[in-house]
Amino acid sequence: MKTLGIIGGMSPESTITYYQQINRLVNQKLGGNHSAPLLMVSVEFEQIVQCQKSGDWQKAGEILAQTGQKLEQMGADAILLATNTMHKVAPQIIERINVPFLHILDATANAIKTKGLSKIAVLGTAFTMQDEFYRNGLTQRGIEMLVPDAKNQQEIHRIIFAELCVGKILPTSKQFYLQTIAELAQQGAEGVILGCTEIGLLVQQNDTVLTLFDTAQLHSEMAVGFILGDEL
């Protein structure tokens with residue numbers, strides 16, 4: 001098996017999900033007591049959050065690029081960034097490493113195309129829903145992106161940082177997300193990208209008839225494909 005390097009901690013809650021899912025998938029495929037050879041550096045999330053709030057993406061990108069380099073030096077055969085929002089600085093990381101970078105949008109777009117869908121809603125942080133990096137990334141992969149209105153975006157963002165990132169799972173927040181999904185379906189959404197790796201902690205497929213694309217799960221599946229030597 002190949003060794004995967006994970007840039008984690010954004011948030012610790014979703015990084016736990018990655019660790020569990022990757023190991024469980026490897027075990028399901030290989031049986032016995034097999035698990036994934038992983039290296040992880042968990043960054044200090046508040047430092048990244050402050051960079052986001054101040055718009056200092058260059059500094060955030062430098063922190064994560066240095067982390068990617070560290071993982072490569074430790075022996076990682078590829079790098080995975082365990083978060084959606086910080087893929088905004090993926091180019092900075094890719095520029096500084098000499099091993100493959102497993103991009104979350106590649107994993108997500110492949111799953112959407114497999115379902116034959118093209119008009120997809122995105123729930124995530126305000127940065128993911130509003131900034132062009134995510135929309136352009138999906139457009140380049142042949143997918144049209146829909147987002148909630150400004151008021152709902154604000155509440156979705158608040159729930160992520162104030163609740164999900166610190167392990168709070170509230171029924172009222174779940175209901176808000178499901179109502180937002182229903183509204184997006186009425187606007188023509190064929191499916192929904194859970195475009196923040198914590199959202200899967202709150203909303204699951206059996207909660208809605210609309211197809212959900214859980215980015216943490218899809219990214220983990222891509223990771224396992226790499227670890228086991230499948231073609232990217």
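Quick notes
- Charge dipole magnitude, Cβ of K and R +1, D and E -1 - the chain, Cα centre, debye nearest 20: 140 debye
- Set of aspartates and glutamates with alpha-carbon distance to Lys113 below 17 Å, sequence-local pairs under 8 removed: Glu144, Glu190, Asp214, Glu221
- Cross-link reach is defined here as a Cα-Cα straight distance under 18 Å, omitting same-chain residues fewer than 8 places apart; for Lys59 the aspartates and glutamates meeting it are Glu44, Glu46, Glu95, Asp131.
- Cα long-axis angle, helix 57-74 against the chain (0 to 90 degrees, to the nearest 10): 40 degrees
- Modelled FRET efficiency - R0 25 Å, Leu170 with Gln20, Cβ distances, 0.05 increments: 0.70
- Taking every alpha-carbon pair under 8 Å whose residues sit at least 6 apart, the range 1-148 reaches a relative contact order of 23 percent.
- The share of accessible area on the chain that comes from carbon and sulfur is 48 percent, using a 1.4 angstrom probe.
- Read-out semi-axes √(5λ) of the Cα gyration tensor in Å, derived from the coordinates shown; its label in (1) 32, 24, 17; (2) 33, 21, 16; (3) 27, 20, 17: (3)
- Note that the chain presents 45 Å² accessible area per residue, ligands and nucleic acids not counted, probe 1.4 Å.
- For Ser54, the solvent-accessible surface computed with a 1.4 Å probe is close to 90 Å², ligands and nucleic acids excluded.
- Whole-angstrom gap from the range 156-232 to the range 13-45, using each part's C-alpha centre: 19 Å
- Pairs from Lys88/Lys151; Lys2/Lys119; Lys88/Lys168 whose Cα-Cα separation, in the structure shown, is over 29 Å: Lys2/Lys119
The values are calculated or read from the model by the stated rules, or taken from the named source; none is laboratory data. Quick caveat, the model's predicted, so the values are computed rather than measured. Every residue, glycine among them, receives a Cβ derived from its backbone with ideal geometry; neighbour counts consider all protein chains shown. What goes into the accessible areas is simple: the full protein's heavy atoms, side chains included, and nothing from ligands, DNA or RNA. Shrake-Rupley method; radii C 1.70, N 1.55, O 1.52, S 1.80 Å.
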